[in-house]
């Protein structure tokens, strides 16, 4: 006979009630765990994205910087364009180490609905994307194509192979190289020379964006100021990516704070539910508590028993909540991705053991507080009065 | 054994019971218990005095509302008297704290209830072991020994709802004995049992008493009352007689 056994047996008396109370805690724990895991995953994803991008500044046509960053990172058609001659002004700005001109366009297959993203670039891109590993060569000739690893796999393309460019009827290309997996959106792009892209999409002397790498990232502010102040500055959107990501992170954090406030109310309600359930259980077992006092239980023992019962319900709720959150992580990720204005390509929900343990401590603290009233009440029953309950005396 | 004559409630006349030899385990001096029911005050016990020696088998009898159960609860330190003094093994219980009373109850007293008071979710063995959980002792083997003593070894893993009334009461008796008390208090132990089971419980109580355990039973059962060696009769909260049963 152990305390745990006694506590579990008491909880098992009214399984449905215990379970429904635990579910209240589970919802709070699951939501908190998911929220913290999302925040962590988002942070990691953003940092990853930034690392993979290799650029410190994105120069895009005038418009929303968040949209521009999202299109540049994930691939899509651009609504407006930059003049190609801005590139020289950007390159000549002090502090700029590399500036890679890009022309991006996304085409959709009318039959299958699949999307192909073409990126026109020149060798300057390799100065920005320093982590890239290419099996073969970067496109130099007009028909050369560098294929992202996912596309190469999907289309079964090999180095040196001739193929029809998807969504571009009558156009062919030759695989000059295959980009090794970057675990990012780059894996899904088809890279051609800038000149060919401009020709294919009818945008001569135009660019969609310029990726800029600095000689010294600490001088970001001064370079951004110089770019904004140059002659073309009025027509360009100079987006410092670190700042942009920081701003996005701040926005996500403010949303998180709001959600945490709502969650705190939900948690308090769940705690009150647990307290109420245990109080009800104590009232139902008043006579039994009197008998326990008669056979040797002290007031402290009764307090401990009821308090442990509350903690057990909270621990059960924690378990259900964590398992539920883990099982639902994929669904949450899909749901969030569809709603966020900017979402990194990596996993959005990043569950960690530390988070789960922190949730357990939180749930037990909640149970500790919620269990105080019923435990105190049970411990202060007069044994004799308690034994009279239900006996008709 | 001593008692204060009910005919002379205020007198100090003490009558000695023939055969007194063992040490006193219970000494009640002028125990009075008054309950408040709204504006009305109910005198459940009125100046009751007696002593019980170790090894006695005492039946407390009387009509319903005579104060039998109230007296049993006072003897078991479950309730405090409004006035008067109770000594258990020579120790005054009147001014003891709740924790000290619990300790005394745990070490000295075993309780048996009319409605058995078993925990429905626990097995027979677990019910018997429950008091040990509260006294932080581990004596699983002793539980098995007790179950054998009350003839319930074969039922050790059953839950109370799977037992007959007699088996439930024998489980309750085993539970009352697990802390090796010196005093067994039983409130109508045969009240919910049929004749056969009642007799089995009575026989068990007699056996325990023969082994040296002091037994006090509150009962309406004339057979049980007659089988006790001494009978205390209460009427309207007063002790009206305290006599030794004459055995054939």
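The values are calculated or read from the model by the stated rules, or taken from the named source; none is laboratory data. No experiment lies behind these values; they were computed from the predicted model shown. When we count neighbours, we look across all protein chains shown, and the Cβ atoms used for this are built from the backbone with ideal geometry, even at glycine.
When every residue of the range A:153-163 is checked against the conditions, none turns out to be touching a helix residue (DSSP H, G or I) at 6+ places or on another chain (Cβ under 8 Å) and in contact (Cβ under 8 Å) with a residue 24 or more places away in the chain. Just name the residue that is nearest to the other protein chains (Cβ to nearest Cβ) out of those in the range A:7-25 that are modelled with pLDDT under 85 and surrounded by 20 or more Cβ atoms within 10 Å (Cβ to Cβ). Taking the candidates together, the pick is A:10. Condition first: touching a residue at least 24 places away in the same chain (Cβ under 8 Å), within 14 Å of chain A (Cβ to nearest Cβ) and over 15 Å from the mean Cα position of the chain (by Cα). Now tell me which residues in the range B:73-85 satisfy that. Scanning the range B:73-85 gives B:81, B:82.
Give the residues of the range A:276-305 that are away from every other protein chain (no Cβ under 14 Å) and under 22 Å from residue B:113 (Cβ atoms), sorted by residue number.
Here is the first cut: in the range A:276-305, the residues away from every other protein chain (no Cβ under 14 Å) are A:276-280, A:282-283.
Of everything in the range A:276-305, those that are away from every other protein chain (no Cβ under 14 Å) and under 22 Å from residue B:113 (Cβ atoms) turn out to be A:282, A:283.
Looking across the range B:86-102, the residues that are more than 8 Å from chain A (Cβ to nearest Cβ) and not in a loop (DSSP other than H, G, I, E, B) come down to B:86, B:87, B:88, B:91, B:92, B:100, B:101. Test residue B:108 against the criterion of being surrounded by fewer than 22 Cβ atoms within 10 Å (Cβ to Cβ), more than 10 Å from every other protein chain (Cβ to nearest Cβ) and under 22 Å from residue B:189 (Cα atoms), and give yes or no. Spelling it out, residue B:108 is indeed surrounded by fewer than 22 Cβ atoms within 10 Å (Cβ to Cβ), more than 10 Å from every other protein chain (Cβ to nearest Cβ) and under 22 Å from residue B:189 (Cα atoms). Taken across the range A:265-275, residues that are within 14 Å of chain B (Cβ to nearest Cβ), in a helix (DSSP H, G or I) and either over 36 Å from the mean Cα position of the chain (by Cα) or over 26 Å from residue A:41 (Cα atoms) (or both) do not occur at all. When residues in the range B:111-122 are screened for being buried (at least 21 other Cβ atoms within 10 Å of the Cβ) and more than 8 Å from chain A (Cβ to nearest Cβ), 3 of them pass. Within the range B:36-65, the set of residues being part of a loop (DSSP other than H, G, I, E, B), out of contact with any helix residue (DSSP H, G or I) (no Cβ under 9 Å at 6 or more places or on another chain) and at pLDDT 90 or above comprises B:54, B:63.
Restricting attention to the range B:123-167, the residues being away from chain A (no Cβ under 12 Å) and over 20 Å from residue B:186 (Cβ atoms) number 13.
Which one of A:332, A:320, A:384, A:313 is within 14 Å of chain B (Cβ to nearest Cβ) and either in contact with a helix residue (DSSP H, G or I) (Cβ under 7 Å, 6 or more places away or on another chain) or in a helix (DSSP H, G or I) (or both)? Let's see the steps before the verdict.
Values: A:332 fails: within 14 Å of chain B (Cβ to nearest Cβ); A:320 fails: within 14 Å of chain B (Cβ to nearest Cβ); A:313 fails: within 14 Å of chain B (Cβ to nearest Cβ).
Answer to the check: A:384.
Yes or no: the range A:52-60 includes at least one residue that is touching a residue at least 24 places away in the same chain (Cβ under 8 Å) and surrounded by fewer than 16 Cβ atoms within 10 Å (Cβ to Cβ). Scanning the range A:52-60 turns up no residue that is touching a residue at least 24 places away in the same chain (Cβ under 8 Å) and surrounded by fewer than 16 Cβ atoms within 10 Å (Cβ to Cβ).
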